[in-house]
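Bear in mind that the values in this text are calculations on the coordinates, not laboratory data. Since we're looking at a predicted model, the values are computed, not measured. All Cβ positions, even for glycine, are placed from backbone atoms using ideal geometry, and neighbour counts span all protein chains on display.
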Amino acid sequence: MSAGPVAWYRFENLPDVSEALAEAVAVGLSAAIAARGAALLAVPGGTTPARFLKALGEHAVAWDKVTVLPTDERFVAPNDPASNERMIRETFAPLREGGAGFVSFHNAGDDLAAAAASLDKVLARLPPVDVLVSGMGADGHIASLFPGDEVAAGAGDAVHAVAARPAGLPPRISLSPARLRSAGWAALLIAGDDKEETLKAAQELPAAYPVGILLRRAQGLDVYWAKA
């Protein structure tokens, strides 16, 4: 299966790229709702996506028909400062105000593998993600699929959630490569020259970087990049 097109949208700053991406995501969610009566949205945690989530929450979407899930989560308590769920709930108004659904990666026990298996069963009952927004690290990782973690990155197509144990970092739970790859529409939100260089290197050799999972999607990938 050949890879679809990779489109770059370039902006000078994070506020501008966040507004543009929020508008595109709102359009995609509304289209999914019109087509099947509901929409599934996957979003990243971290600092860069917070402004995008705030902007997205201001759009007039039928949020009661949208279910949100993180692309990944650190294996911490949901109220921990490092929790992606905590950031998403606090930043995204439709969740904060009870207007959208949410799939938590928590509440599945204290064992990482068992928690990932439990989440996998939940995700198996859900349709493919309609709209995916992913971040990317300077090393080319997406969600919690890191270079060198062959177990997580090599999960098969029937797997929906994986336990991730990146070297030198806390353990995490991540959407699987298949879940990320199968999204109807996907965007990558990145900022800075270093990440642009990483992504360009990954375009030349996608198999060497986890972000290659998105670059090789048959459905294509939209890259929203801010200079700073």
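Eigenvalues of the alpha-carbon gyration tensor of the chain, scaled by 5 and square-rooted, set the equivalent ellipsoid semi-axes at 22, 22, 17 angstrom, largest first. With R₀ set to 41 Å, the beta-carbon distance separating A167 from A31 gives a calculated FRET efficiency near 0.55.
Residue separation of S118 and A3 scaled by 0.36 nm, minus their Cα-Cα distance, works out to 38.2 nm of gained length. If the segment from N107 to H59 were pulled out straight at 0.36 nm per residue, it would be longer than the present Cα-Cα gap by 14.2 nm.
If a spin label sat at a point 7 angstrom from the Cα of A178 along the line to its beta carbon, the backbone N atoms of the stretch 112-128 nearer than 15 Å would be those of 117-128.
Which of the DSSP-defined H helices in the chain satisfy a minimum axial length of 27 Å, computed from C-alpha atoms, and a minimum mean Kyte-Doolittle hydropathy of -0.5?
Details: long enough: 14-36 (32 Å, 1.06).
What comes out of the filter, once short or polar helices are dropped, is 14-36.
Would you mind classifying the stretch 1-80 by shape? Square roots of the alpha carbon gyration tensor eigenvalues, ordered a ≥ b ≥ c; an a/c under 1.5 is rounded, otherwise it is prolate if a/b is larger than b/c and oblate if not.
Rounded shape, in that the Cα axes give a/c under 1.5.
Between the C-alpha center of the stretch 98-123 and that of the stretch 1-47 there is a gap of 24 Å. In this simple spin-label approximation, K200 and T47 carry label points 7 Å from Cα along the Cα→Cβ vector, and these lie 2.5 nm apart.
Once both labels are positioned 7 Å from their Cα atoms along Cα-to-Cβ, the gap between A207 and D157 label points is 1.8 nm. Mean residue ellipticity at 222 nm, helices only, the chain: -10000 deg cm²/dmol; runs of at least 4 DSSP H residues each add -39,500 (n - 2.57), and the sum is divided by the number of residues.
Hey, which of these cross-link pairs are over 27 Å Cα-Cα: K65/K227; K54/K195; K65/K200? Cα-Cα > 27 Å for K65/K227; K65/K200; rest within. Once C-alpha pairs closer than 8 Å and six or more residues apart are averaged by separation and normalised to the residue number of the stretch 6-226, the relative contact order reads 23 percent.
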